[in-house]
1. Are any residues in the range 14-56 exposed (fewer than 15 other Cβ atoms within 10 Å of the Cβ), among the aliphatic types (A, V, I, L, M) and more than 19 Å from residue 2 (Cβ to Cβ), and if so, which ones?
2. So the check is Cβ under 7 Å with 6+ separation or different chains; which pairs have a first residue in the range 34-50 that's over 15 Å from residue 22 (Cβ atoms) and a second one that's in a loop (DSSP other than H, G, I, E, B) and of a type in the set (Ser, Thr, Tyr)?
Amino acid sequence: FDEAAQRLAEQGFEVIEFETERQRFEVTGMTATGHCLELKFHAVTGKETRRKRDDDCGSSLTN
C-alpha cells in the first residue's frame, strides 16, 4: 500500500479512508480538484483495478 499511497499523493490525492479486503485494498479520498473517489487495488501487485466517483468523502471526514 505504501507505494500506491505515494503515487496517489504525488497526484494530489488525499487518502481519507483505507480498507483491506482479501486480495485487494480500497482507498477513498479527494483528488486535487476536490472530487471524491473510491479506488481499489490488487493487494499483491498494487495495480489499480477500479476507480469510481464516491459521495462518501464528506461523511468519512466526520466519522
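Read-outs throughout are calculated quantities, based only on the coordinates presented, and are distinct from any laboratory measurement. Just so it is clear, the model here is predicted, and its values are computed rather than measured. Please note: Cβ atoms are built from the backbone with ideal geometry, for glycine as well, and neighbour counts cover all protein chains shown.
1. Of everything in the range 14-56, just one residue is exposed (fewer than 15 other Cβ atoms within 10 Å of the Cβ), among the aliphatic types (A, V, I, L, M) and more than 19 Å from residue 2 (Cβ to Cβ), namely 32.
2. That search, which allows pairs on different chains as well, returns 37/31.
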